[in-house]
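Read the figures in this text as sums done on the coordinates, not as results from a lab. None of these values were measured; they are calculated from a predicted model. When we count neighbours, we look across all protein chains shown, and the Cβ atoms used for this are built from the backbone with ideal geometry, even at glycine.
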Amino acid sequence: MKHSRHKMNAWLAACAGLVFAFMVTACSDREDAQQPPSKAEARKMQTAGDVHNPFDHTHDEPVTDIRKHKFEHDFAAQCVERELKNSTDKEAGKARWEKPCMCIATFMMKNLTADEAGKFLDEHKNTQSLVIKYENAAFHCLQAKQQPKEPQLFGR
C-alpha cells in the first residue's frame, strides 16, 4: 500500500497538533489561579462600592417624597380629566374614575425616577417610560376589580 508523502506529512502534523493541544489544556491547571470570591466577600465588596454594575441605576438622584406626592395627585387629576373628555355625565364619570386613576398614579409612583418626575411636573411632558408604566399600572389596577358574574345559560 503506497501513501503519498503529502498525505503522510499532513497526517503526522494533525496528530502532533492534537497531542500538543491536549498537553496545553492539561497543563493549564495552576495553583495560583484566582478563586471566585465567597458570598461574604462579594457582599463586602458591593457595600464598599468596589464592584461597578453597569445595569445598576442606584446612582440616580432619588425622588423626594414631596415630588412623588405631587406627581401622584397631578397624574391622577390628568387621568380623570382625560377620561372625562368624552363623557356626557361629567359628575358621575368623575366619581367613577377618581379611584382607578389614583390607583394607577400610586402604582406608577412606586418606581418613579427623578428624570420622569421632572419631565412630568416641570416640563409637562409624558415620556415613553411613563406611557409604559401607565399601561402596566392600568392593567394592574383595572384587572384587580371583581368582574361581574356572567349569566348562566342552560344550567352550566
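Once the chain from LEU142 to ASP74 is taken as fully extended at 0.36 nm per residue, the excess over their C-alpha distance is 22.5 nm.
Among the listed pairs LYS68/LYS133; LYS90/LYS133; LYS68/LYS125; LYS90/LYS110, those whose Cα-Cα separation exceeds 23 Å are LYS90/LYS133; LYS90/LYS110. LYS90 sits among other residues whose Cβ lies under 14 Å from its own Cβ, and their net charge, with Lys and Arg +1 and Asp and Glu -1, is -1.
Considering only the Cα atoms of segment 65-144, their convex hull presents on average a projected area of 5.3 nm².
Modelled spin-label separation between LEU121 and THR106, with each label point placed 7 Å from Cα along the Cα-to-Cβ direction: 2.0 nm.
Calculate, for THR64 and GLU98, the FRET efficiency according to 1/(1 + (r/R0)^6) with r their C-beta to C-beta distance and R0 41 Å; round to the nearest 0.05.
Rounded to the nearest 0.05, the efficiency is 0.95.
Near GLU116: Cβ cut-off under 10 Å, other residues only, Lys/Arg at +1 and Asp/Glu at -1. The net charge is +2.
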